[in-house]
Amino acid sequence: MRGPLAFMGLNMGRFWRIGWGMKDWHYDLPEALIAHTPAEPRDSARLLRWPGLDETPFAALDSFLAAGDVVVINTSRVIPARIFGVRPARGGREAGADVRVEFLLHHPMQGDMARWEAFARPQRRLKVGDVVVLEGGARVTVAALGEKAEIVFELPAVQVGDYLEAHGHTPLPPYIKADDSPATRARYQTVYADGRAKGSVAAPTAGLHFTPALMERLRAKGVIFAPVTLHVGAGTFQNPTPEQMAAGVLHAEWAQLGGETAAVIGQALGAGKRVVAVGTTALRTLETWGRMGMPAEGFADDTTLFIQPGFEFRVATHLITNFHLPGSSLLMLVGAFIGEAELAAVYDHAVAQRFRFYSFGDTSLLTRKGYRDGAAI
């Protein structure tokens, strides 16, 4: 089976070995640096700190943070988001054979697990109102067709996650050469993923490096973990278009930041403490809330926030993030956070020192450009 990038018509290979250029957000990456397996144990991955370009194991993260600092984690749980089924043959003038259909779930509509935007193949063989019988006997109805399909499960929303766990397939990125085995699924999940927050079709990969023991050491120092939810959509694999860049609007992803997290972050910022976003998804959630004026009740809604150079950060002071694909919105986000020249320096160093890239690769701890807290990190 082809991975989700191939499913969406994207060609990964065309970005390699074309040289760094901030204008087009490309850089030179030897294929040998793409990680196909994760570090074991999780916290043995390499951590590159900026500024300074210092390297430690991720397990040393507790030596860089202090009491009162807040680590913001995305607790969304990855679901097996590729599903297969059959659209039964039509009668009358449209008579023909059954059609095998593949859906890649993209975005839960307003967080509703029963109603999804999805990439469909072959979409041209579908019509609004078609019922597709899925593996395991569940059914979905095609509710709308456009750039993507909108499908509705004929299951209660609370049962959809269980159905996907039993019959879905994890859409691992095609640069990860691994089977969709129980072991791979478990490793492609953070240790803090919340079973009540199922909805991501790709992992918030910066969080894959945490272990329960490391989290306990951080808590023992007085570091606070604050949860948010952002259901990562398949759109994260698609490079932004010129139209999206001009409009400053990206694909929609459902996000939630609760009142308790809002209070913890507000107190930390007021006390001059660090707010460390674990991954671009946590950062996008924080800054969506920041753009709203940091309401005390938080928020729960779709976000289309596109963070690119020129963005004014209002919440996060630090970012833990892996090394991202050329041309991606995630790379642009990091460039906005630390500066474009600084981004080039970090990536040049990571390539030269043979860090491992992408979802199962190594990671970095970055300080927001212009942020000063009076203490080295």
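Quick note: the coordinates plus some simple rules give every number you see, no bench work behind them. In this text the structure is predicted, and so the values were computed from the model without any measurement. Neighbour counts run over all protein chains shown; Cβ positions are idealised from the backbone, glycine included.
Worth pointing out:
- Sparse-neighbour loop sites [GluC sites (Glu not before Pro); the stretch 119-207; at most 15 other C-beta within 10 Å; DSSP]: E147, E154
- For the residue pairs K127/K148; K273/K369; K198/K221, alpha carbon separations beyond 21 Å are given by K198/K221.
- Along each principal axis, Cα extent of the stretch 82-167, largest first, Å: 38, 27, 18
- Part-to-part distance (alpha-carbon centres) for the stretch 95-162 and the stretch 205-280, which is given in Å: 29 Å
- Surrounding net charge for I79, when Lys and Arg each add one and Asp and Glu each subtract one, Cβ distance under 11 Å: +2
- Sparsely packed trypsin sites (Lys or Arg not before Pro) within the stretch 159-238, loop by DSSP, other Cβ within 10 Å at most 14: K177, R196, K221
- Per-residue Cβ neighbour counts within 10 Å put H107, H26 in the sequence H26, H107, beginning with the fewest.
- Ranked by how many other Cβ atoms sit within 10 Å of their own Cβ, fewest first, the residues L61, L214, L230 fall in the order L214, L61, L230.
- FRET efficiency, 1/(1 + (r/R0)^6) with R0 41 Å, evaluated for E135 and T56 via beta carbons: 0.35
- Calculated from backbone phi, Karplus (6.51, -1.76, 1.60) coupling profile of the stretch 254-266 in Hz, x at Gly/Pro: 7, 9, 8, 10, x, x, 5, 5, 4, 5, 4, 5, x
- Phi to ³J(HN,Hα) by Karplus 6.51 cos²θ - 1.76 cosθ + 1.60 over the stretch 241-246, Hz, x for Gly, Pro: 8, x, 5, 5, 5, 5
- Between Q189, Q308, Q244, the Gaussian network model of the chain with springs among Cα atoms under 10 angstrom shows the greatest mean-square fluctuation at Q244.
- Database remark: amide H of G68 closer than 5 angstrom to the amide H of V223, I224 (H placed geometrically; neighbours at sequence offset of 5 or more, or on other chains; Pro and chain starts carry no H).
- Rel. contact order, % - alpha carbon contacts under 8 angstrom, at least six apart, the chain: 23 percent
- Looking at the chain alone, DSSP beta bridges between its own residues are antiparallel in about 70 percent of cases.
- Derived scalar couplings ³J(HN,Hα) [the stretch 340-347; Karplus, 6.51 cos²θ - 1.76 cosθ + 1.60; whole Hz; x for Gly, Pro]: 5, 5, 5, 4, 4, 5, 5, 6
- Under 12 Å, Cβ to Cβ, from E117 - net charge with Lys/Arg +1 and Asp/Glu -1: -3
- Rounded to the nearest 500, the helix-only mean residue ellipticity at 222 nm of the chain stands at -6500 deg cm²/dmol, with each DSSP H run of n ≥ 4 adding -39,500 (n - 2.57).
- Residue among T363, G298, Q353 farthest towards the positive dipole end of the chain, charges placed on Cβ: Q353
- Rounded to whole Å, sorted largest first: equivalent-ellipsoid semi-axes of the chain, Cα gyration tensor: 36, 23, 20
- Low-density loop positions, GluC sites (Glu not before Pro), the stretch 302-376 - DSSP coil, at most 12 other Cβ in 10 Å: E312
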